[in-house]
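The values are calculated or read from the model by the stated rules, or taken from the named source; none is laboratory data. From a predicted model like this one, the values you see are computed outputs, not experimental measurements. When we count neighbours, we look across all protein chains shown, and the Cβ atoms used for this are built from the backbone with ideal geometry, even at glycine.
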Amino acid sequence: MSAHPPSSSLAVPLDGATRIHYIVGDPIAQVKSPSEVTRALLAHGRNAIVVPAHVAPQHLAGWVAGTALAQNVDSIIVTVPHKFACFDLCVSTSGRAAFLQTVNTMRRHPGGGWHGDMFDGLGFVMALRDKGFEPAGRSALLAGAGGAGSAIAHALVTAGVSRLAVHDTDTVRRGTLVERLAGLGLCPVDHASADPAGFDLVVNATPAGMQAADPYPVDVSRLRPGAMAACAITAPAVSPFIAAARERGCESLTGIEMFDRVKDLIVEFLLNPGTPKD
């Protein structure tokens, strides 16, 4: 995958008419959205910039309320750990965001407040298909039932996987997700350990790998050669999990490849701020 030009090469107008889009998280240094979404908006002829905001959870609601007062702020892109909390700060959401009770993008609602949507899952499935991997009829193990993991799980179930197993050390969060997805009646959805043996698709939707000392999200020694290993983290570009999976003969999807598709969906959402719809 070719490297993107550095963000310093962006020719952003930055005048009084510039529209502001934030991305909020804690931490925030690892995100790719400031340069990548800005570049995409500029390519569509928009005078706009994406600005990172490092906001702790206890200050999130106050920050979002204050941000809404600035009339030149059009949206907030949301990353960890705020995706669930920001759902509660929206006045309306898409149907998928309502089902998941999580959002990764909020744009100004025509009637005031914020309208939210969640694109992590849709972008993930699109990226899988870009790699030639069709999830329909395949078995999948997902590690991580947080905001991104929940969205990926929902997208895999609706894409027709034959079975979804969810692993998360937070058993309450995992149980809630498994119960809700199983209730759709689309495929078996159950609890899982960190053993990926026998699965066609193994997904890391946890932060594991962002720090050098992090353990693997699953037992990589049990990965089946030829299986698809996918990871949602974007830094490092090739996570330790993906590197280990490649060594064992697995196909792979990196977080950056996933992000590129999520970015496309976010930009489309930001460019069409009409009546909210799914």
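Is it the case, given these coordinates, that residue 152 is in the same structural domain as residue 130 (by TED's automatic domain parsing) and modelled with pLDDT under 95? No; evaluated as a whole, the condition is false for this residue. Being farther than 16 Å from residue 261 by Cβ, touching a residue at least 40 places away in the same chain (Cβ under 8 Å) and either among the basic types (Lys, Arg) or not assigned by TED's automatic domain parsing to the domain that holds residue 16 (or both) is a property that residue 144 has. Taking the numbered list (1) within 14 Å of residue 150 (Cα to Cα); (2) crowded, with 22+ Cβ neighbours inside 10 Å in turn, residue 105 passes all entries but (1).
Got a number for residues in the range 17-40 being in a helix (DSSP H, G or I) and within 19 Å of residue 236 (Cα to Cα)?
Here is the first cut: in the range 17-40, the residues in a helix (DSSP H, G or I) are 33-40.
If we keep only those that are within 19 Å of residue 236 (Cα to Cα) too, we end up with 33-36.
Of the residues in the range 17-40, 4 are in a helix (DSSP H, G or I) and within 19 Å of residue 236 (Cα to Cα).
Sort out which residues of the range 191-224 are under 20 Å from residue 27 (Cβ atoms), hydrophobic (A, V, I, L, M, F, W, C) and crowded, with 20+ Cβ neighbours inside 10 Å, and write them in order of number. Listed by number, the list holds a single entry, 205. With a requirement of 1 or more residues that are of a type in the set (Ser, Thr, Tyr), surrounded by 16 or more Cβ atoms within 10 Å (Cβ to Cβ) and in contact (Cβ under 8 Å) with a residue 24 or more places away in the chain, the helices (runs of 4 or more DSSP H) lying completely within the range 41-100 that satisfy it span 60-68.
Within the range 149-181, being among the small types (Gly, Ala, Ser), surrounded by fewer than 18 Cβ atoms within 10 Å (Cβ to Cβ) and within 24 Å of residue 123 (Cβ to Cβ) holds for 160, 162.
Identify all residues within the range 225-259 that are touching a residue at least 24 places away in the same chain (Cβ under 8 Å), outside any loop (DSSP other than H, G, I, E, B) and either surrounded by fewer than 15 Cβ atoms within 10 Å (Cβ to Cβ) or small (Gly, Ala, Ser) (or both); write none if there are none. The answer is 229, 230, 244, 245, 252, 255. Examine the range 61-75 for a residue that is of a type outside the set (Asp, Glu), closer than 27 Å to residue 236 by Cβ and either outside the structural domain of residue 15 (by TED's automatic domain parsing) or within 18 Å of the chain's Cα centre (by Cα) (or both), and state whether such a residue exists. No; the residues of the range 61-75 include none that is of a type outside the set (Asp, Glu), closer than 27 Å to residue 236 by Cβ and either outside the structural domain of residue 15 (by TED's automatic domain parsing) or within 18 Å of the chain's Cα centre (by Cα) (or both).
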